[in-house]
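Visitor: Provided herewith is a single structure, encoded as structure tokens, for subsequent inquiry.
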Amino acid sequence: MRTIVHGDFAYSKKITEMSTLKGSYMIVEDGTIVGFSTEKPEMRESDCFLEFERKLIIPGFADMHLHAPQFPNVGLGTDMELLEWLKRYTFPEEAKYVEVDYAEKVYKKLINKLWSVGSLYSCIFGSIHEKASTRLFELLIDSGLYSFVGKVNMDRNSPDFYVETTDESIRETKHFIENNYKKSERVKPIITPRFVPTCTAKLMKGLGELAEEYNIPVQSHLDENQAEIQWVCSLHPDSNSYAHVYERFKLFGSQPTLMGHCIYCNDEELELLLNSDVMAIHCPFSNANLISGIMPVKRYLDLGVKVALGSDISGGNEINIAKVMVLSMQLSKMLAVHNATPGDYLSTQEAFYLGTKAGGAFFGKHGSLEPGYEADFLVIDDSDYLINELSVQERVEKFLYVGKEENIRARYVSGKKIEKPFDV
């Protein structure tokens, strides 16, 4: 089936520039973009025509790091640093997901919100509970969105009410994978050790073996907080760095890997990130709220490190990746001022790339409107705040800064419209 989409388009081919097309026609064949035309193609009887004249059409957003069971905690505990925040707010909330009915209630609201803000792709931490994580997996399948979902692993340094035994954690993770990895082409499992302090060497070894056995990716946290880094060093004095601990257990690049935060990576860790092709996920709202620090994004990009963006709900209070792009730019500018390196900051084009194509690439040919990519896109009506005539790129910039999720009038995945997932 062929679909013709008319509108004003913006997308990334490469990180340093934004490609734009005004008043053009995107041609989609069987859910895949085949090209653009400045003139309306001759219509076939079986064609579908989507008219979005004067509407802005951009790729879907990619939220590459968030914690689904923390959604009720958004906006809480933001005067605390990471480790105290985990004890006071996070672990007590996540423990509730032993009740699948409660989990479903929260997860439906979260998925609706991801849909609303245009996050067509997400990488999600569940809780330690296999049943609740499987329900999250199933709900995401029902939504039509793309996602990687992980059952979290924790077998040490955790409260008595929220911890697993090592064998239980490995067994239930294996069960979670086997029960779910063939259910959907859009939603897939991902190995998810919470972070090194809550995972024994035996558990990490077992998780690395599962990732290798089932050929599935890995996500976790790295170098988020100075106290956390010191803790890891005390737990693993035989390792050269935080990243090296993961690498020892085949949890760092042996399979496609996402590492949240990466604020304080030393030179050895940066080399590991590069050589292992691990993607660092920048979570600026969480980094600011939990007094963690500022990831030197521009430096990482200049070195060739792969970077994408995450909301990190609920350390982060903002789930809209458009706003995550904006704060990424703002903090990058502040870091440039602090470091006396004027001009060495993240541009609009770079931030847009990180929030679309960089993250989308983890899912395959997603996150751009280039020929050969899946036709996953957002339709934005920016007429309510436009006063002067602007270029397409200026309209994208303005949407990122002042637009709202209500300006997103439609969401398409593989050329098909995705409606609001749940009536809650």
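What follows draws every value from the coordinates through simple rules; no lab data is involved. Keep in mind that this is a model prediction, so the values were computed, not measured. No Cβ is skipped: glycine too gets one built from the backbone with ideal geometry, and neighbour counts run over all protein chains shown.
Visitor: May I ask you to derive the FRET efficiency for SER37 and TYR214 from their Cβ-Cβ distance with R0 = 41 Å, giving the value to the nearest 0.05?
Guide: According to the calculation, E is roughly 0.45.
Visitor: What does the helix-only formula give at 222 nm for the chain: each DSSP H stretch with n ≥ 4 adding -39500 (n - 2.57), the total divided by the residues, and the result rounded to the nearest 500 deg cm²/dmol?
Guide: -10000 deg cm²/dmol
Visitor: At each listed q (0.18, 0.24, 0.26 Å⁻¹), what is the log10 of I(q)/I(0) that the Debye formula gives for the stretch 249-338 modelled as equal alpha-carbon point scatterers?
Guide: -0.77, -1.23, -1.34
Visitor: Using label points projected 7 Å from each Cα along Cα→Cβ, tell me how many nm separate ARG2 and LEU235, to one decimal.
Guide: 5.7
Visitor: Say each of CYS48 and SER254 gets a label point 7 Å from the Cα, pointing the same way as Cα to Cβ; how far apart are those two points in nm?
Guide: With each label placed 7 Å out from Cα toward Cβ, I get 4.3 nm.
Visitor: Cut-off under 13 Å on the C-alpha distance; same-chain residues fewer than 8 positions from LYS404 excluded. Which aspartates and glutamates are left, in chain and number order?
Guide: Counting by Cα, and skipping residues close in sequence, LYS404 has these aspartates and glutamates nearby: GLU318, ASP381, ASP382, ASP384.
Visitor: Something else: Over 31 Å between Cα atoms: which of LYS14/LYS174; LYS113/LYS416; LYS40/LYS417 fall into that group?
Guide: The answer is LYS14/LYS174.
Visitor: Efficiency by 1/(1 + (r/R0)^6): what FRET value for LYS202 and LYS182, r their Cβ-Cβ distance, R0 = 25 Å, to the nearest 0.05?
Guide: The computed FRET efficiency comes out at 0.35.
Visitor: Would you mind calculating the gained length between ASN388 and ARG409 on full extension (0.36 nm times residue separation, minus the Cα-Cα distance), in nm to one decimal?
Guide: Contour length minus Cα-Cα distance gives 5.4 nm.
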